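Encoded as structure tokens, the structure appears first; notes follow it.
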Amino acid sequence: MPDGVTAILGTLAFLGAGFGLLLSAIAIIALALSGRRRLARQVTLLAGAAVAIYAIVLSAVSIASVEQVLPAGAEKYFCELDCHLAYSVAAVHAAPATAGQLYVLSLRTRFDERSISPNRGDGELYPNPRGIWLVDAEGRSYAPVVDAGQGTVGADGAASTPVSAPLRPGQSYITRLAFELPATARDPKLLLTESDWPTWFVIGHENSLLHRKTLLELPRAVSAER
């Protein structure tokens, strides 16, 4: 993910472009209705040029990006503009499955209290929607077959918390997620992203078209009986 400054700049550019397009649309309609069609066409051309420039910058930044693989135990940060959430894979348990291998991941979500803005306070933060997959060495993606965030208890006796649960600064929780992979899947890694569609159009965001992803390497799996 982009760092905090990059994320804020990308978001501001997206919001500014959207606001500019809205004003342009209003101006074009108003000019057309008033009979000033030539000026309306000129504004349309300017708006189209702005969209083209934005698309070129968006694509160029994405093409220049590189895939990153964070080592096992490392945290992947998500910018919430005035604070940051950090995600890491705390543990992996593996067991035979009908069609291959079952992986049960313990995903830790942490609200980094050092990242909050001076005026934010101690209020709860509801994480943005997340997309979660395991990606194997061939690039095939696998969604969770079980979301264990419904109050279940793991082998360590700790309850699993939904990944959408709110946190306060300094708090963290564990969500258990199960993935069933075929026997042919090799070297799976975790891909955790934001799932809001506006992020597709934010410059520098890993969800934007052609942008490379940041993956999390899994800790060594512990064998578990089903």
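A quick yes/no check of all residues on (1) surrounded by 13 or more Cβ atoms within 10 Å (Cβ to Cβ); (2) modelled with pLDDT under 90:
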| position | (1), (2) |
| --- | --- |
| G4 | yes, yes |
| A7 | yes, yes |
| A32 | yes, no |
| R38 | no, no |
| R41 | yes, no |
| T44 | yes, no |
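Close Cβ contacts (under 9 Å, 6 or more residues apart or on different chains) running from residues in the range 83-102 that are farther than 11 Å from A178 by Cβ and without any contact (Cβ under 8 Å) to a residue 60 or more places away in the chain to residues that are outside any strand (DSSP E or B) and not β-branched (V, I, T) comprise A86/E75; A86/S115. Return the residues of the range 55-67 that are assigned to a helix (DSSP H, G or I) and open to solvent by 50 Å² or more (accessible area, probe 1.4 Å); say none if nothing qualifies. Listed by number, the residues that qualify are I56, V57, A60, V61, I63, A64.
Considering (1) within 26 Å of H205 (Cβ to Cβ); (2) open to solvent by less than 50 Å² (accessible area, probe 1.4 Å); (3) among the aliphatic types (A, V, I, L, M), the lone condition that A27 does not fulfil carries the number (1).
Quick grid of which residues meet (1) modelled with pLDDT of 90 or more; (2) of a type in the set (G, A, S); (3) touching a strand residue (DSSP E or B) at 6+ places or on another chain (Cβ under 9 Å); (4) open to solvent by 70 Å² or more (accessible area, probe 1.4 Å):
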| residue | (1), (2), (3), (4) |
| --- | --- |
| T109 | yes, no, yes, no |
| L125 | no, no, yes, no |
| W133 | yes, no, yes, yes |
| R140 | yes, no, yes, yes |
| T152 | no, no, yes, no |
| S160 | no, yes, yes, no |
| V163 | yes, no, yes, no |
| L167 | yes, no, yes, no |
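The values are calculated or read from the model by the stated rules, or taken from the named source; none is laboratory data. Just so you know, these numbers come straight off a predicted model, no measurement behind them. Here Cβ is always computed from backbone atoms with ideal geometry, including for glycine, and neighbour counts include all displayed protein chains. Ligands, DNA and RNA are excluded from the accessible area calculation, which covers all protein heavy atoms including side chains. Shrake-Rupley method; radii C 1.70, N 1.55, O 1.52, S 1.80 Å.
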